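Q: This is the structure I have questions about; it appears just below.
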Amino acid sequence: MKIKQEILDRGITHEQHMHKNLKDKDYQKEYLRLNLEEYAKNGDYSLFFKSLERVVKIRTTVSQLARDLNMNRSNLSNILKGKVQPGFDTTMKILHGLGAEIDVKFA
């Protein structure tokens, strides 16, 4: 596994690895897409919102995103930390605020 080997070779932590790679917008998109797929399959919103939190912190601050979305900063922070499960409309608002476009496909 390439990622595991890179971490071992460089002696970096998983968090350091993620911080470095999440600076790339294409990596962010794929990371969020994969985490959203997992959330849709298993319903574990806490992991999905942790991925959102990582991307938010790379791009901006929680406070700034809350202002941009006209949301309460504390509420947004609790959502991103997985403490509060938001409604679908709030999830979409956050994703749109990060520039996401959602494409729904039916099998």
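Q: Go through VAL56, VAL84 and list them by solvent-accessible area, largest first, probe radius 1.4 Å.
A: The ranking, largest first, comes out as VAL84, VAL56.
Q: Related question: With everything on Cα atoms, drop me the angle between helix 88-97 and the longest principal axis of the chain, reported from 0 to 90° to the nearest 10.
A: 60 degrees
Q: Compare the Cα positions of GLY82, ASN72, TYR27 along the charge dipole of the chain (+1 at Cβ of Lys, Arg; -1 at Cβ of Asp, Glu; about the Cα centre) and return the one farthest towards the positive end.
A: So the residue furthest toward the plus end is ASN72.
Q: So for VAL62, VAL55, what's the accessible-area order with a 1.4 Å probe, most first?
A: So the residues, ranked largest to smallest area, are VAL62, VAL55.
Q: List the trypsin sites (Lys or Arg not before Pro) within the stretch 9-41 that DSSP assigns to loop and that have no more than 12 neighbouring Cβ atoms inside 10 Å.
A: LYS23
Q: Another question, if that's okay. Out of residues 5 or more away from ALA100 or on other chains, whose amide H comes under 5 Å of its own, with H placed 1.01 Å from N in the peptide plane?
A: Amide H to amide H, under 5 Å and 5 or more residues apart or across chains, ALA100 pairs with nothing.
Q: Given an 8 Å cut-off on Cα distances and at least 6 residues of separation, report the relative contact order of the chain as a percent.
A: Once divided by the residue count of the chain, the mean separation gives 21 percent.
Q: With a 1.4 Å probe and all protein chains kept in place, how do ARG59, ARG54, ARG67 rank by accessible area, largest first?
A: ARG67, ARG59, ARG54
Q: Next question, about the same structure. Could you name the aspartates and glutamates whose alpha carbon sits less than 14 Å from that of LYS105, not counting residues in the same chain fewer than 8 places away?
A: Partners within reach: GLU37.
Q: What is the magnitude of the charge dipole of the chain about its Cα centre, with +1 placed on the Cβ of each Lys and Arg, -1 on the Cβ of each Asp and Glu, and no other charges, expressed in debye to the nearest 20?
A: I would put it at about 300 debye.
Q: To the nearest 10 square angstrom, what accessible area does HIS14 show with a 1.4 Å probe?
A: The accessible area comes out at roughly 100 Å².
The values are calculated or read from the model by the stated rules, or taken from the named source; none is laboratory data. Since this is a predicted model, take the numbers as computed values, not measurements. Quick reminder, even Gly has a Cβ in these numbers, built from the backbone with ideal geometry, and neighbours come from all protein chains shown. Protein only, heavy atoms only, side chains kept; ligands, DNA and RNA dropped before computing areas. Shrake-Rupley method; radii C 1.70, N 1.55, O 1.52, S 1.80 Å.
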